[in-house]
Amino acid sequence: MVIGLDDQSSGSEESVTALLCSPRFTYIPQDVREHINLTNIASIFHLACPASPLQYQRDPVRTITTNVVGTIRVLELARRCGSRVLLASTSEVYGDPLQHPQSEAYCGNVDPLSIRACYDEGKRCAETVVMDYHRQYGTDIKIARIFNTYGPRMRLDDGRVISNFIVQALEDRDLTVYGDGQQTRSFCYIADLIDALLRFMTTPPSIQGPINLGTTDEITVVALAQMVLAQTQSSNRIVHKALPQGDPVRRRPDISRAQALLGWSPTTNLASGLSRTIPWFAERVIPAGSSVSCLEDRHAPRH
Ligand code: UDP
């Protein structure tokens, strides 16, 4: 039996509805910051929190309390039930990294006053409370640091780069590259990430992490835009908008720990992941009018 607990603040009803027909799935609409009144829970994937900068910066106080108070609620539930907890942490704990690629030993470069800090510092604190519950109460814990991930079922208005570019291309709009587009990310296909999370959850208690989960295929944002244009056979233009404050310059995980401990490496490259993702969006995009939200209208330029 699987229980999904979600307040739908950044999720999608469509994803939950698709599961409701299964007798093995129950849905509880709830904010993770409230007491979680459940019993007999074997394992908890703690994924609660918007991951898109657009979404998590919209209500920063909610974001940081979701990560801190929400994680404590999850850990209290785990204590009562003797559950194993896997925390979905993030590459954002490395901030704008000064080490490249980023290994788990790197402590990061995070500005606590930045507009991204509600998420970055929230996840860093979530890691801390998870470790403290483990040390103080013996809670069975695992920490995954998830790098950029994409795939079908993202919201059209999610605001992250891959969904924005695909929706813009399908709607015959210009693709909005923030800054000069030379900043890099490494994009992991969702099926690979789920495979890694499931493997991690079933490792022995001695394997707690943190473990980086992501792909090592690093690409500039402008090259990503060109790939999306090619795959959608679009002749739309690329336009440059202001780079949001605190936008990390380079990001690529060192995944040697995941390879060694989980026997895992991503198997889907970006071209093939995009070719599975674009048709899902194409079925949902309404060509006239736009649902894409962009950060550039909300934040002062960095240069
Ligand atoms: N980005 C962009 N255009 C967009 C959305 C994002 O150029 O429409 C850039 C953004 O500035 C960042 C990268 O794409 O450098 C990844 O952004 P995203 O919001 O997907 O995730 P992040 O890794 O920043 O959390």
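Checking the condition out of contact with any strand residue (DSSP E or B) (no Cβ under 9 Å at 6 or more places or on another chain) and either within 24 Å of PRO152 (Cα to Cα) or modelled with pLDDT of 95 or more (or both), which residue from GLU218, GLU283 passes?
Numbers: GLU218 fails: out of contact with any strand residue (DSSP E or B) (no Cβ under 9 Å at 6 or more places or on another chain).
The unique qualifying residue is GLU283.
Just for strands (runs of 3 or more DSSP E) wholly inside the range 105-196: which have at least 3 residues that are closer than 21 Å to THR90 by Cα? I'd like the intermediate steps shown before the answer.
Details: elements: 140-146, 175-178, 184-186.
In the range 105-196, 140-146, 184-186 are the strands (runs of 3 or more DSSP E) which contain 3 or more residues that are closer than 21 Å to THR90 by Cα.
So which residues in the range 212-243 are within 11 Å of the ligand (Cβ to nearest atom), without any contact (Cβ under 8 Å) to a residue 60 or more places away in the chain and hydrophobic (A, V, I, L, M, F, W, C), if there are any at all?
Once the filter is applied, which keeps residues that are within 11 Å of the ligand (Cβ to nearest atom), without any contact (Cβ under 8 Å) to a residue 60 or more places away in the chain and hydrophobic (A, V, I, L, M, F, W, C), the range 212-243 yields ILE219, VAL222.
Return the residues of the range 89-116 that are among the small types (Gly, Ala, Ser) and free of Cβ contacts under 8 Å to residues at least 60 places away in the same chain; say none if nothing qualifies.
Our first condition is that a residue be among the small types (Gly, Ala, Ser); within the range 89-116, this holds for 89, 91, 95, 103, 105, 108, 114.
Once the filter is applied, which keeps residues that are among the small types (Gly, Ala, Ser) and free of Cβ contacts under 8 Å to residues at least 60 places away in the same chain, the range 89-116 yields ALA105, GLY108.
Just checking, which of LEU224, LEU243 is at negative phi, crowded, with 16+ Cβ neighbours inside 10 Å and part of a loop (DSSP other than H, G, I, E, B)?
Values: LEU224 fails: part of a loop (DSSP other than H, G, I, E, B).
Residue meeting the stated conditions: LEU243.
Can you work out which of the residues in the range 116-148 that are polar (S, T, N, Q) and more than 10 Å from the ligand (Cβ to nearest atom) is nearest to ARG251 (Cα to Cα)?
To start, the set of residues in the range 116-148 that are polar (S, T, N, Q) comprises 128, 136, 139, 148.
Of the ones still in play, those that are also more than 10 Å from the ligand (Cβ to nearest atom) are 128, 136, 139.
Values: THR128: 23, GLN136: 33, THR139: 31 Å.
So, considering only residues that are polar (S, T, N, Q) and more than 10 Å from the ligand (Cβ to nearest atom), the one nearest to ARG251 (Cα to Cα) is THR128.
Taking the range 119-147 only, how many residues are out of contact with any helix residue (DSSP H, G or I) (no Cβ under 9 Å at 6 or more places or on another chain) and of a type in the set (A, V, I, L, M)?
Residues meeting the conditions: 1.
Any residue in the range 182-201 that is modelled with pLDDT of 95 or more, of a type in the set (Asp, Glu) and touching a strand residue (DSSP E or B) at 6+ places or on another chain (Cβ under 8 Å)? Walk me through how you get there before you give the answer.
Within the range 182-201, the first condition is being modelled with pLDDT of 95 or more, and the residues that meet it are 182-201.
Keeping just the survivors that are of a type in the set (Asp, Glu) gives 192, 195.
Filter again for touching a strand residue (DSSP E or B) at 6+ places or on another chain (Cβ under 8 Å), leaving none.
Looking for residues that are modelled with pLDDT of 95 or more, of a type in the set (Asp, Glu) and touching a strand residue (DSSP E or B) at 6+ places or on another chain (Cβ under 8 Å), one finds none in the range 182-201, hence no.
Out of the residues in the range 1-13 that are in contact with a Ser or Thr (Cβ under 8 Å, 6 or more places away or on another chain) and surrounded by 15 or more Cβ atoms within 10 Å (Cβ to Cβ), state the one that is nearest to SER83 (Cα to Cα). Can you show your working first?
Step one: list which residues in the range 1-13 are in contact with a Ser or Thr (Cβ under 8 Å, 6 or more places away or on another chain), which gives 1-4, 10.
With the extra rule that they be surrounded by 15 or more Cβ atoms within 10 Å (Cβ to Cβ), the set shrinks to 4, 10.
Working: GLY4: 15, SER10: 26 Å.
It comes out as GLY4.
Going through the range 159-188 one residue at a time, which ones are of a type in the set (A, V, I, L, M, F, W, C) and more than 8 Å from the ligand (Cβ to nearest atom)?
The first filter runs over the range 159-188 and keeps only residues of a type in the set (A, V, I, L, M, F, W, C), leaving 161-162, 165-167, 169-170, 175, 177, 187-188.
Those that are of a type in the set (A, V, I, L, M, F, W, C) and more than 8 Å from the ligand (Cβ to nearest atom): ILE166, VAL167, ALA169, LEU170, PHE187, CYS188.
Could you list, in sequence order, the residues of the range 199-211 that are surrounded by fewer than 21 Cβ atoms within 10 Å (Cβ to Cβ) and either in contact (Cβ under 8 Å) with a residue 12 or more places away in the chain or within 14 Å of the ligand (Cβ to nearest atom) (or both)?
Filtering the range 199-211 down to residues surrounded by fewer than 21 Cβ atoms within 10 Å (Cβ to Cβ) leaves 199, 201-208, 210.
Listed by number, the residues that qualify are ARG199, MET201, THR203, PRO205, ILE207, GLN208, PRO210.
Can you tell me which condition ALA196 does not meet? The list is (1) within 15 Å of the ligand (Cβ to nearest atom); (2) surrounded by 22 or more Cβ atoms within 10 Å (Cβ to Cβ); (3) of a type in the set (A, V, I, L, M, F, W, C), and all the others hold.
Unmet condition: (1).
Sort out which residues of the range 14-35 are without any contact (Cβ under 8 Å) to a residue 40 or more places away in the chain, surrounded by 10 or more Cβ atoms within 10 Å (Cβ to Cβ) and not hydroxyl-bearing (Ser, Thr, Tyr), and write them in order of number.
Result: VAL16, ALA18, LEU19, LEU20, PHE25, ILE28, PRO29, GLN30, ASP31, GLU34.
The values are calculated or read from the model by the stated rules, or taken from the named source; none is laboratory data. Since the structure is predicted, the reported quantities are computational estimates derived from the model, not experimental observations. With ideal geometry, Cβ positions are generated from the backbone for all residues, glycine too; neighbour counts draw on all protein chains shown.
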